[in-house]
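Everything on this sheet refers to the single structure shown next.
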Amino acid sequence: MSNALALVRSRRWSIRRLQNWELTTGFFVVGLLLVASLLAPYLAPYPPNQVNVLVALQGPSWHHWMGTDFVGRDVWSRVLFGLRIDVLIVALITYLGLVVGVIIGTVSGYVGGWFDAIVGRVADTVVAFPFIVLVLAVVAIVGPGLKGVAIGIVIVGWALYARLARAEMLSLREQPFIMSTRALGYSHLRTIFRHALPNLVRTSLVYSTVDVVVNMLVLAGMSYLGLGQQAPGADLGSIIASGQGYLLSAWWITTLPGAVLVLFGFGVSLIGDGITRGDLAQGRL
Amino acid sequence: MTAGPTLEVEGLSKSFALRRGWTDAVARRKRPAHAAVDDVSFQLAPGEILGLAGGSGSGKTTLARMIIRLVEPDAGRITFDGVDVRSLSGRALRETRRRMQMVFQDPYSSLNPRMSVGAAILEAGRVHHQSGSEHPEQFVARFLDFVRLPAATARRRPEELSGGQRQRVAIARALAVGPDVVIADEAVSALDVSIQTQLLNLFLDLRDELGLSIIFVAHQLSVIAEVADRVAIMHLGRVVEVGPTAEVFRAPRDEYTRSLLAAHPHPAPLRASSKLREETS
Amino acid sequence: MTDPLLNVEELSIAFRQRRGELTVVRDVSFDVGVGEVVGLVGESGSGKSVSCRSILRLMPAHGVMRARAIEFLGRDVTKLSDRELRDHRRHNVGMVFQDPYSCLNPTQRVGEQVAEALRVNAGMSKIDARARTIELFESVGIDRGAERQRSYPHELSGGMRQRVMIAIAISAGPKLLIGDEPTTALDVTTQAQILALMSRLRDDTGMAVLLVSHDFGVVAQVCDRVVVMYGGRVMESGPVTQVCTEPQHPYTRALLESIPRLEAAGRRVRREGIPGQPPNPADVGEGCPFADRCAHASARCSSVDMSLRPVGPSHVTACPFVGEWSDPPGATESSRVGGPS
């Protein structure tokens with residue numbers, strides 16, 4: 001009966017891709033935020049750091065969609081620029097970690113032996129430490145600022161991808177189509193990068209959607225603690241931090257940027273769900 | 001019939017050590033090694049089809065993999081075209097590997113699911129710089145034609161093909177690197193009877209048309225009876241009987257061969273109570 | 001003919017899809033008599049496996065079955081309430097699958113698994129169940145039962161595991177044992193033993209057996225009657241001797257002729273086989289599903305009525321043109337070309 005079932009699945013496939021509402025909604029939300037942040041210089045109604053004490057602490061209005069902060073800076077403009085910084089850095093560090101981790105993990109799983117043993121131990125050790133504590137330690141060494149946080153996240157981030165990729169490679173290595181590449185006399189590099197890697201990168205990509213959100217929060221959290229973006233530049237974390245003294249009187253300074261952060265996380269998670277559920281896996285990712 | 005090279009295997013052995021736990025290391029115990037293949041010798045003449053039969057655990061698959069050095073033998077010699085295969089490395093090893101190809105059992109997982117049929121065949125040819133591979137379409141079409149698939153199959157992906165069609169693609173890919181010897185490891189076992197017959201005929205055609213030598217590994221004796229010129233019966237890692245297929249099947253000398261032949265299910269109707277005797281192993 | 005035990009009438013099975021349904025079994029009818037061994041033969045996609053599961057109303061997700069009736073000892077299985085269905089599954093029918101390893105719990109001793117079946121299905125006490133387990137092991141040919149029941153599944157060979165599965169399946173004394181490719185994963189020698197075991201159990205207990213297999217050889221060895229399926233339909237059904245020696249459907253005949261045989265050893269002839277591919281359920285419609293691969297097909301086959309017509313005592317075929325293509329069997333082997341001598 002397996003044939004009939006497989007057929008049922010393959011027939012449904014093309015339809016399902018369109019009906020994958022998670023993926024559609026996710027891409028829509030994230031796409032909107034991405035476009036908004038990339039076009040920040042054109043969309044922002046005010047320069048992000050323009051102080052105007054005359055309009056300080058005004059609530060949301062037609063002039064200031066998200067109100068103004070304690071020195072009269074337009075929160076909406078600051079959010080657009082802040083998002084821009086966050087998105088760029090988060091994308092960079094998450095996917096740098098992914099690329100490094102996947103390559104190390106795949107090679108390690110394929111080669112085996114002492115190399116694999118060392119990679120496995122190192123990755124396990126890194127993963128075993130609490131994430132934030134490790135990042136804090138790196139920041140302590142490199143010094144505060146986005147650079148320190150970014151380096152910290154990459155140093156910790158690769159390990160999870162390496163473990164994922166290694167585990168996948170170990171089972172893939174036993175698959176006849178990987179074995180047959182050896183029988184066909186293909187080189188190791190070809191086997192790893194052309195045949196194995198495209199078949200195992202999906203798990204890591206799915207996981208990266210969780211990771212993007214986590215990294216976004218870590219980045220915002222670090223800025224909130226004052227270890228990330230330094231004044232007067234702003235990312236979402238530092239904007240939120242700057243408003244915490246006015247939480248009761250001027251809720252918009254913290255809440256609205258926070259909502260943008262949540263919306264971004266929501267969108268990315270939807271994409272992750274969509275990839276997991278949809279059969280994008282079947283070939284084209 | 002073109003006279004190709006001869007493959008000769010002498011005293012090939014391989015054992016797999018059971019995993020040694022730390023208690024064994026402390027006690028300086030050696031775990032008993034399990035002999036998967038034990039002192040096996042045979043010859044494969046040019047254009048010959050040799051059947052390799054045996055039950056599960058008989059070592060036939062390990063033997064097949066050792067010949068193309070997917071598994072490293074512990075002892076023994078493999079001579080191909082007058083060259084000691086085990087002493088080769090680098091370019092020479094790759095060249096020998098090219099000349100000996102393997103077709104695996106499971107047509108559902110022996111092809112990369114992300115590659116189109118055409119890309120897979122072309123890649124095999126290009127890696128080994130086969131002549132004609134600079135013209136992708138003709139090259140792919142030629143090998144698809146060898147396995148009786150229409151040229152349009154090139155654009156399909158494995159998931160769109162039936163088991164029999166996938167196995168043809170796997171054969172076409174193996175042929176694209178230009179082998180002299182093909183090792184078919186249970187290559188028809190997973191297929192329906194009607195498709196099995198088509199593929200058996202395909203192997204016979206390829207032997208006739210290309211002068212291939214074929215090692216045909218199968219657990220079904222009847223499948224081997226249909227294609228093999230000679231047969232080697234394996235049991236517990238050893239070759240217990242070898243000879244021309246007709247001779248071995250009509251007058252088996254070894255006890256194990258006899259029991260295999262006796263147990264073979266036959267479509268000629270025989271009521272169970274009269275024919276089968278129950279034994280507990 | 002023996003008394004009827006199971007009577008499946010006009011069974012159809014479809015898988016629900018987003019757009020309509022995909023029918024995989026169409027109007028299948030067959031029956032099993034008390035104490036009879038019946039084989040259900042077909043290639044992959046023939047619908048033999050889902051058909052046999054319908055007897056227990058075991059349908060995959062999205063599966064829908066319709067039948068005029070599935071009568072088991074006079075009661076219609078399709079109309080049973082949930083409670084009655086559970087009783088039916090427990091007491092009337094035992095089932096054995098292809099892969100005994102995935103059907104056994106790897107963390108539990110096999111004896112406990114049999115005893116559990118006895119306690120649940122036959123309502124035995126723990127002590128009785130333990131004693132009965134050893135008896136059952138003996139009856140399925142597991143010697144040293146007291147010792148073997150303490151084994152875990154991975155410590156047993158494939159044949160032994162399948163014997164354990166059979167012990168579980170017959171624990172409640174079912175009237176029908178269904179084997180869904182029970183020997184496909186086993187070596188030939190073990191296969192012969194399991195088949196012999198199944199026919200001995202039939203002889204000893206009078207239990208009927210429905211053996212689902214892709215292998216005509218297996219069915220021919222143990223069955224009284226055989227039902228041949230293709231593309232979700234019954235093509236032919238009759239006494240196994242009749243069907244094997246004088247097949248009354250072009251498909252049965254082509255299938256029998258394409259089976260590799262030991263006698264072929266050393267013969268310089270080539271088996272013709274069946275051209276083409278087995279049909280996709282989505283492409284099967286009215287008419288004969290075998291028409292596009294059949295050597296005797298003509299235009300009328302695409303709209304032919306597939307109801308079964310008698311051609312002998314309890315022998316029926318779906319092909320109405322039987323009389324027209326009866327050339328002597330075995331004439332289709334062509335000469336094999338070339339090859340070294």
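Read the figures in this text as sums done on the coordinates, not as results from a lab. In this text the structure is predicted, and so the values were computed from the model without any measurement. As a convention, Cβ positions derive from the backbone with ideal geometry for all residues, glycine included, and neighbour counts pool all protein chains shown.
What the table below lists for this structure:
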read-out: Cα centroid separation, the range C:104-124 to the range C:205-251 (Å); value: 33
read-out: Estimated inter-spin distance, B:Phe16 and B:Ala33, nm [label 7 Å along Cα→Cβ]; value: 1.5
read-out: Fraction of antiparallel bridges per DSSP, the protein assembly as shown only, in percent to nearest 5; value: 60
read-out: Potential lengthening between C:Ser314 and C:Leu73 on full extension [0.36 nm per residue; Cα-Cα distance subtracted]; value: 84.8 nm
read-out: Mean ellipticity per residue at 222 nm, deg cm²/dmol - from DSSP H runs of n ≥ 4 across the protein assembly as shown, formula -39500 (n - 2.57); value: -14000 deg cm²/dmol
read-out: For the range B:198-233 and the range C:51-77, distance of Cα centres in Å; value: 43
read-out: Equivalent ellipsoid, the range C:132-194 (semi-axes from 5 times Cα gyration tensor eigenvalues, Å); value: 18, 16, 9
read-out: Compactness of chain C, expressed as Rg and Dmax over alpha-carbon positions, Å; value: 21.4, 69
read-out: Under 15 Å, Cβ to Cβ, from C:Gly238 - net charge with Lys/Arg +1 and Asp/Glu -1; value: -2
read-out: Surface/4 of the Cα convex hull for chain A, nm²; value: 18.8
read-out: Reachable aspartates and glutamates, given that their alpha-carbon falls under 20 Å from the alpha-carbon of A:Lys147 and they are not under 8 places away in the same chain; value: A:Asp86, A:Asp211, A:Asp235
read-out: Share, in percent, of DSSP beta bridges within chain C that are antiparallel, nearest 5; value: 65
read-out: Shielding by partners, peptide C:185-196 (average Cβ within 10 angstrom, other chains); value: 6
read-out: Shape of chain B, Cα gyration tensor, a/c cut at 1.5; value: oblate
read-out: Paired Rg and Dmax values of the protein assembly as shown, which use every Cα atom, in angstrom; value: 33.2, 108
read-out: DSSP H segments from chain A that extend 30 Å or more along their own axis, Cα-based, with Kyte-Doolittle mean of -1.0 or above; value: A:75-111, A:146-173, A:197-224, A:252-277
read-out: Violating pairs (Cα-Cα greater than 27 angstrom) within the set C:Lys79/C:Lys126; C:Lys48/C:Lys175; C:Lys79/C:Lys175; value: C:Lys79/C:Lys126
read-out: With Cα atoms, 0 to 90° folded angle of helix C:188-205 axis to chain C main axis; value: 70
read-out: Principal-axis tilt of helix C:126-139 within chain C, Cα atoms, nearest 10 degrees; value: 40
read-out: Using alpha-carbon coordinates, inclination of helix C:158-169 to the longest axis of chain C, degrees; value: 70
read-out: Pair C:Ser303, B:Glu159: separation of 7 Å Cα→Cβ label points (nm); value: 3.9
read-out: Rough spin-label spacing in nm, given labels placed 7 Å along Cα→Cβ, for C:Glu9 and C:Ala131; value: 4.5
